[in-house]
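This report refers to the structure that appears directly beneath it.
The values are calculated or read from the model by the stated rules, or taken from the named source; none is laboratory data. Owing to the predicted nature of the structure, the values given are computational and were not obtained by experimental measurement. Cβ sites come from the backbone with ideal geometry, for glycine too, and all protein chains shown count toward neighbours.
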Amino acid sequence: MPEQGNPTELKSALLFGLLYALVLFGVAATREHLQQSGLFVVAVLSGLTDMDAITLSTSRLVSANRLTPQIGWRIIVAAAMANLVFQAGIVAMLGHRRLLLRIVILFGILIAIGSVLMVTLP
């Protein structure tokens, strides 16, 4: 196992803070100029590698009544589905084919469920 670093180091905290600020800015700018549909683009792009920033920024917008809860949870689910696709890509590049097959099946089920929920729930 490679040596693990301390996750509470200042560098990690600053990097997360910067990422969070960028996503928050992207969400606010997109909402202002492209309305709610543009938020899904930001969610998918930021959700590719990190779910924390989009979840926190979307939750903040919902709690400030600047975004409806019905759109807020859909944005988070869209980001989560994008994250699953990204993780499957990592497995495709680094993992074994049998593992990839299992991941694609399981992630495919989750993406299908997420898609159905986004379309059917109010």
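Worth a mention:
- Residues that are of a type outside the set (S, T, N, Q) and either surrounded by fewer than 19 Cβ atoms within 10 Å (Cβ to Cβ) or without any contact (Cβ under 8 Å) to a residue 40 or more places away in the chain (or both), drawn from segment 63-76: A64, R66, L67, P69, I71, G72, W73, I75, I76
- Remark: pairs (first residue in segment 28-39, under 19 Å from S59 (Cβ atoms) and modelled with pLDDT of 70 or more; second residue of a type in the set (S, T, N, Q) and surrounded by 13 or more Cβ atoms within 10 Å (Cβ to Cβ); Cβ separation under 6 Å; 6+ apart in sequence or on different chains) = G38/T30; L39/T30.
- Segment 54-70: number of residues that are in a helix (DSSP H, G or I) and either at pLDDT below 85 or hydroxyl-bearing (S, T, Y) (or both): 5
- Restricting L61, L110 to those that are more than 11 Å from the chain's Cα centre (by Cα), closer than 22 Å to G17 by Cα and of a type in the set (A, V, I, L, M, F, W, C) reduces the list to L61.
- Among the residues here, V23 qualifies as of a type in the set (V, I, T) and surrounded by 18 or more Cβ atoms within 10 Å (Cβ to Cβ).
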